[in-house]
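A.B. asks: Sending over a structure as structure tokens; questions will come in a sec.
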Amino acid sequence: MSSTIDTSTEHGHPHGEPHGVAQAQPHNPNDIQEFQDFYAVIPAGGTGTRLWPLSREAKPKFLYDLLGQGRTLIQSTYDRLEHVAGHGHVAVSTGWRHVAAIREQLPQLDENDIFAEPVPRDSTAAIALATAVLARRHGAHVVVGSFAADHVIRGAASFARAVREAVATARAGYVTTIGIAASRPSTAFGYIHQGRSLAADVPDAPSARLVERFVEKPDAATAQAYLSTGEYRWNAGMFVMRADVLLSHLHDYKPRMYDAISTIADAYLAGGDAVDEAMATHWSGIEKIAFDYSVAEPLSVQGGVAMIPGDFGWDDIGDFNSVAALLPSANEQNIKILGDRECVSYIDSAGDVVVPAAGRTIALLGVDDMVVVDTPDALLVAPRARSQEVKNMVAHLRQEGHDELL
């Protein structure tokens, strides 16, 4: 297999006075000082359904180098965040079954900075637990940012600038998101409707805007209408907020979850077997809900959410079409190959996405616009136009009892 795919507050309203935020890259010791209150959390979950059969439940896409750059998605995410926050200020929230692989890929990550979940409970629980533990370790006013493990970002300097402004806005008491410039009327992403400027309220974040509302994935006509207004951005699920602000809102909106998370966070400080015991008692009963729905959306109605424009390249690699868009063409016929090009031979074929992960030759004859993913135990062949439906194939295989392939 090619190295390309190797697996090596006041409730409801902003509060508090804004503080200064560094404007230079925080590699200078003085800049690091400015970021001592910022901690980045990487939620690393996933069921391996969108890029099946390459990714699986046991090895989600964040463990792969999907761009052939020598770093997996989670390694690239860690590098990007450590560059902004500094060493020792990046943590990972993941499932128990992925801990060993993450430790292998991120040996510089302290074991105390891996928050392991016995079963997935979606992003609210993952973000809240990491935030609650970090608040107990470092103080209630630390700023915590959540950045997914499987996003591809191009433009490190622009990303760092957006995070710095998000930290400043979070210090002022807002739950802050980073909105991605919508380059096309996509129906695959949710959108953020931006409101008035907050520059006067948060001088260290001149591009900050109030969020009017979050909107679900639209149909094509609605997406086009959003773009024509110039007031909408893609929702990439990046959130930055003060720990006390988030936990206050969680207490208001999801009190039962708040109580369970608080008990588990207390156990992290106690050490020993306390964490396992608290997890066994409380974790499985926590509501499974995304952060957007539990906190961000209801809080935006109250004027408590801000947005920083993220003018950098971004993709969440939601399907094989997304992978193809990030890979160079192997020939003039726009065939995209993830893996060893020597394993792919073609005649009269164009626009295909090929993953020769089994190490054997794939021969294409008169095949256009197809996805071909060959692994040692499973082969996927599908039209590129139906890439979003790969997860339906996984569900079908599960119904047929092929759990060993998932």
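The values are calculated or read from the model by the stated rules, or taken from the named source; none is laboratory data. Keep in mind the model is a prediction, meaning the values are calculated, not measured. Cβ: placed from backbone, ideal geometry, glycine included. Neighbour counts: every protein chain shown. All accessible areas refer to the heavy atoms of the entire protein, side chains included, with ligands and DNA or RNA removed. Shrake-Rupley method; radii C 1.70, N 1.55, O 1.52, S 1.80 Å.
A.B. asks: Identify, from the list THR176, THR187, the residue that is closer than 21 Å to TYR293 by Cα, open to solvent by 10 Å² or more (accessible area, probe 1.4 Å) and of a type in the set (Ser, Thr, Tyr).
C.D. replies: THR187
A.B. asks: Ok, one more. Inspect all residues belonging to the stretch 132-152 and state whether any of them is out of contact with any Lys or Arg (no Cβ under 8 Å at 6 or more places or on another chain), hydroxyl-bearing (Ser, Thr, Tyr) and farther than 15 Å from MET241 by Cα.
C.D. replies: no
A.B. asks: Got at least one residue in the stretch 290-300 being in contact with a strand residue (DSSP E or B) (Cβ under 8 Å, 6 or more places away or on another chain), of a type in the set (Ser, Thr, Tyr) and surrounded by fewer than 20 Cβ atoms within 10 Å (Cβ to Cβ)?
C.D. replies: no
A.B. asks: Give the residue that is nearest to ALA44 (Cα to Cα), with candidates limited to residues of the stretch 118-141 that are open to solvent by less than 20 Å² (accessible area, probe 1.4 Å) and of a type outside the set (A, V, I, L, M, F, W, C).
C.D. replies: THR124
A.B. asks: Moving on to the next point. Being in contact with a helix residue (DSSP H, G or I) (Cβ under 7 Å, 6 or more places away or on another chain) and farther than 23 Å from GLY45 by Cβ, is that true of even one residue in the stretch 394-403?
C.D. replies: no
A.B. asks: Open to solvent by less than 30 Å² (accessible area, probe 1.4 Å), under 16 Å from the mean Cα position of the chain (by Cα) and modelled with pLDDT under 95: which single residue out of VAL152, VAL144 fits that description?
C.D. replies: Step by step, each of VAL152, VAL144 is checked, and only VAL152 is open to solvent by less than 30 Å² (accessible area, probe 1.4 Å), under 16 Å from the mean Cα position of the chain (by Cα) and modelled with pLDDT under 95.
A.B. asks: Right, another one. Determine which single condition VAL215 fails, assuming it passes every other condition in (1) open to solvent by 50 Å² or more (accessible area, probe 1.4 Å); (2) farther than 23 Å from GLY45 by Cβ; (3) touching a His at 6+ places or on another chain (Cβ under 7 Å).
C.D. replies: (1)
Residue by residue, here is whether (1) open to solvent by less than 50 Å² (accessible area, probe 1.4 Å); (2) in contact with a strand residue (DSSP E or B) (Cβ under 6 Å, 6 or more places away or on another chain) holds:
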residue	(1), (2)
ILE308	yes, yes
SER322	yes, yes
ASN331	yes, no
CYS343	yes, yes
ALA358	yes, yes
VAL371	yes, yes
GLU389	no, no
LEU397	yes, no
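A.B. asks: Turning to a different aspect of this structure: Can you name every residue in the stretch 373-387 that is farther than 13 Å from ASP319 by Cα, open to solvent by 20 Å² or more (accessible area, probe 1.4 Å) and not in a loop (DSSP other than H, G, I, E, B)?
C.D. replies: Matches in the stretch 373-387: LEU379, VAL381.
A.B. asks: Against the conditions (1) more than 11 Å from ARG233 (Cα to Cα); (2) open to solvent by less than 30 Å² (accessible area, probe 1.4 Å); (3) small (Gly, Ala, Ser), where does ALA157 fall short? Just the number, please.
C.D. replies: (2)
A.B. asks: What's the number of the only condition in (1) open to solvent by 20 Å² or more (accessible area, probe 1.4 Å); (2) under 14 Å from ILE308 (Cα atoms); (3) of a type in the set (Ser, Thr, Tyr) that THR222 fails to meet?
C.D. replies: (2)
A.B. asks: Within the stretch 82-95, can one find any residue that is in a loop (DSSP other than H, G, I, E, B), touching a helix residue (DSSP H, G or I) at 6+ places or on another chain (Cβ under 7 Å) and not β-branched (Val, Ile, Thr)?
C.D. replies: Looking through the stretch 82-95, at least one residue is in a loop (DSSP other than H, G, I, E, B), touching a helix residue (DSSP H, G or I) at 6+ places or on another chain (Cβ under 7 Å) and not β-branched (Val, Ile, Thr).
A.B. asks: Does GLN105 qualify as being open to solvent by less than 50 Å² (accessible area, probe 1.4 Å), modelled with pLDDT of 95 or more, more than 30 Å from ALA205 (Cα to Cα) and not small (Gly, Ala, Ser)?
C.D. replies: Yes.
Quick grid of which residues meet (1) of a type in the set (Phe, Trp, Tyr); (2) farther than 14 Å from MET238 by Cβ:
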residue	(1), (2)
SER146	no, no
HIS151	no, no
ARG161	no, no
GLY179	no, no
ALA182	no, yes
GLN194	no, yes
ASP204	no, yes
PHE214	yes, no
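A.B. asks: Looking at TYR258, TYR268, can you tell me which residue is surrounded by 15 or more Cβ atoms within 10 Å (Cβ to Cβ), aromatic (Phe, Trp, Tyr), more than 23 Å from the chain's Cα centre (by Cα) and over 23 Å from ILE178 (Cβ atoms)?
C.D. replies: Every option except TYR268 fails the conditions.
A.B. asks: Might you check whether a residue that is at pLDDT below 95, under 21 Å from THR281 (Cβ atoms) and in a loop (DSSP other than H, G, I, E, B) occurs anywhere in the stretch 121-141?
C.D. replies: Checked against the condition, which is being at pLDDT below 95, under 21 Å from THR281 (Cβ atoms) and in a loop (DSSP other than H, G, I, E, B), the stretch 121-141 yields at least one hit.
A.B. asks: Of the residues in the stretch 345-356, how many are more than 18 Å from TRP52 (Cα to Cα) and surrounded by 12 or more Cβ atoms within 10 Å (Cβ to Cβ)?
C.D. replies: Summing the residues that are more than 18 Å from TRP52 (Cα to Cα) and surrounded by 12 or more Cβ atoms within 10 Å (Cβ to Cβ) in the stretch 345-356 gives 5.
A.B. asks: Report yes if some residue within the stretch 57-79 is over 18 Å from the mean Cα position of the chain (by Cα) and crowded, with 22+ Cβ neighbours inside 10 Å; otherwise report no.
C.D. replies: no
A.B. asks: Also, quick follow-up: Give all pairs with beta carbons closer than 9 Å in which a residue from the stretch 328-341 that is farther than 14 Å from THR361 by Cβ meets a residue that is polar (S, T, N, Q); count only pairs at least 6 apart in sequence or on separate chains.
C.D. replies: If the second residue must be polar (S, T, N, Q), the pairs left are GLN333/SER349; ILE335/SER329; ILE335/SER349; LYS336/SER329; LEU338/SER2; LEU338/THR4.
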